[in-house]
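Written out below as structure tokens is the structure these notes cover.
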Amino acid sequence: MSTAPEEILARLRPTWAEVDLVVFGSNVSEVRRRIPKESKLAVVLKADAYGHGAVELAPVALKNGASMIAVALLEEALELRRSGIDTELLVLGPLNSPQLKLAAEHDVIVGIIGPTQLEEAARANIPLTIHLKLDTGMGRMGLTEPDLAPAAAILKGHSRLKLAAIYTHYANASHAGDPLTEKQRSRFRSMRQTLSSMGVSAPVHHSANSPATLRGLVEPGDYARVGMAIYGGEVFDEGGGRLNPVMRWRTELARIKELPPGSGVGYGHTFTTRRLSRIATLPVGYADGYSRLLSNRGEVLLRGRRAPVVGNISMDLVTVDVTDVADAAVGDEVVLMGTQGGEEVSAEELATKTSTLAYEVFCRISARVPRVYVSSGQRNVKSRFLDRS
Ligand SMILES: *Cc1c(COP(=O)(O)O)cnc(C)c1O
């Protein structure tokens, strides 16, 4: 990099998401340590690595024990290929027929999510590596029991289709002791037996997402298929399933004004000061993924303390009441998500306050927000506003 990161950041709005590559790497190796040693780790980097940046995280994951990368879209897989990733890449799909050829050309493994897709893959008549998805109870994608016999016939009749793995997906693994998980495990076993009795089997199986993996449900030799855990989000409904958060979202205090009691703040005047107040403005809004549902509900960190969001969140601006943070000053760092001092606003807290999951909180941090990659003292800025040449 020719320009120093400090210089680049000085030219941008001071709102960015820091992504700690060292923490990410150690989360990946921690997950690797927790699965059986005969098993392999597939990291799920779909949706731009849950908003963290797939191109930047992929090499770090591979260096720390990941053997395969799974994404949702073919476009996501091709982006990784272009960036030089030559590891096994699985697209979870669904893919349409014209995409199959592209997948084959770029050595991308195709997740087969139903009988129609299997027929299309066979009809394409190209050498294609596939993973076959079974629906063991998710009710979303995958072959059901009646699909197995016709699928076996196709697989045996088309030698250009290489069945490299059979997989399934858990619906309720985040919920401790949910009986569905055990039911899905045994159904996965019995559906594989049915296929095997028809002469179809695969060298590898995978089923465990983050919660299933951290609950120790990866069978020796199976792959684990892990997303959220490596980003440091909570993966158990009951708590206790969180590695270290990788992302920290911060901005800086842009303006402080003193308002007399009885002053309305923001669109709709949904907040009125009750005392002489110091109201601060932050250069971030719902266009950046800071949900409007946090209006009059969210809290931010300032000088290691919590300050409440007051008034409605605008597209580009947020107002917070800093009356009780007497030393607050323009230019102070404000943390929207992550830690400051001993305090934390977790992705889970933001999720609870906006009736969603930390998964969505991460994915919603928009492309307008630069990602700053931090690794052992070094920083690397990625923004769609920067000339990448
Ligand atoms: C997203 C996804 C995962 C990863 O789930 P996490 O809960 O983030 O670990 C695994 N498998 C499939 C099929 C997925 O779609």
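Please specify each residue of segment 119-145 satisfying the condition of being more than 24 Å from the chain's Cα centre (by Cα), hydrophobic (A, V, I, L, M, F, W, C) and more than 25 Å from residue 80 (Cα to Cα).
122, 143
For segment 316-362, which residues satisfy the criterion of being part of a helix (DSSP H, G or I), surrounded by fewer than 18 Cβ atoms within 10 Å (Cβ to Cβ) and not charged (D, E, K, R)?
352, the sole residue that qualifies.
For segment 45-85, which helices (runs of 4 or more DSSP H) that fit wholly inside it have 2 or more residues that are more than 15 Å from the ligand (Cβ to nearest atom) and either modelled with pLDDT of 95 or more or open to solvent by less than 10 Å² (accessible area, probe 1.4 Å) (or both)?
Counting at least 2 such residues, we get 54-63, 74-82.
Those residues that are over 13 Å from residue 61 (Cβ atoms), in a loop (DSSP other than H, G, I, E, B) and not hydrophobic (A, V, I, L, M, F, W, C), I need them from segment 222-235; list them, please.
222, 232, 233, 234, listed by residue number.
Checking residue 247 against (1) more than 11 Å from the ligand (Cβ to nearest atom); (2) open to solvent by 30 Å² or more (accessible area, probe 1.4 Å); (3) at negative phi, which single condition isn't satisfied?
Result: residue 247 passes all but (2).
Which residues, counting only those in segment 252-277, are open to solvent by less than 50 Å² (accessible area, probe 1.4 Å) and assigned to a loop (DSSP other than H, G, I, E, B)?
253, 263, 266, 273
If a residue must be closer than 25 Å to residue 68 by Cβ, open to solvent by less than 60 Å² (accessible area, probe 1.4 Å) and part of a helix (DSSP H, G or I), how many such residues does segment 177-221 contain?
Summing the residues that are closer than 25 Å to residue 68 by Cβ, open to solvent by less than 60 Å² (accessible area, probe 1.4 Å) and part of a helix (DSSP H, G or I) in segment 177-221 gives 12.
Please go through segment 173-209 and give me each residue that is farther than 21 Å from residue 112 by Cα, free of Cβ contacts under 8 Å to residues at least 40 places away in the same chain and touching a helix residue (DSSP H, G or I) at 6+ places or on another chain (Cβ under 8 Å), ordered by number.
Matches in segment 173-209: 181 only.
For (1) in contact with a strand residue (DSSP E or B) (Cβ under 9 Å, 6 or more places away or on another chain); (2) at pLDDT 95 or above, each residue gets a yes or a no:
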position: 280; (1), (2): yes, yes
position: 294; (1), (2): yes, yes
position: 315; (1), (2): no, yes
position: 357; (1), (2): no, yes
position: 377; (1), (2): no, no
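The values are calculated or read from the model by the stated rules, or taken from the named source; none is laboratory data. For clarity, every value in this text was computed on a predicted model and none was experimentally measured. For neighbour counting, all protein chains shown are included, and Cβ atoms are generated from backbone atoms with ideal geometry for every residue, glycine included. Please note that ligands, DNA and RNA were not included when accessible areas were found on the heavy atoms of the full protein model with its side chains. Shrake-Rupley method; radii C 1.70, N 1.55, O 1.52, S 1.80 Å.
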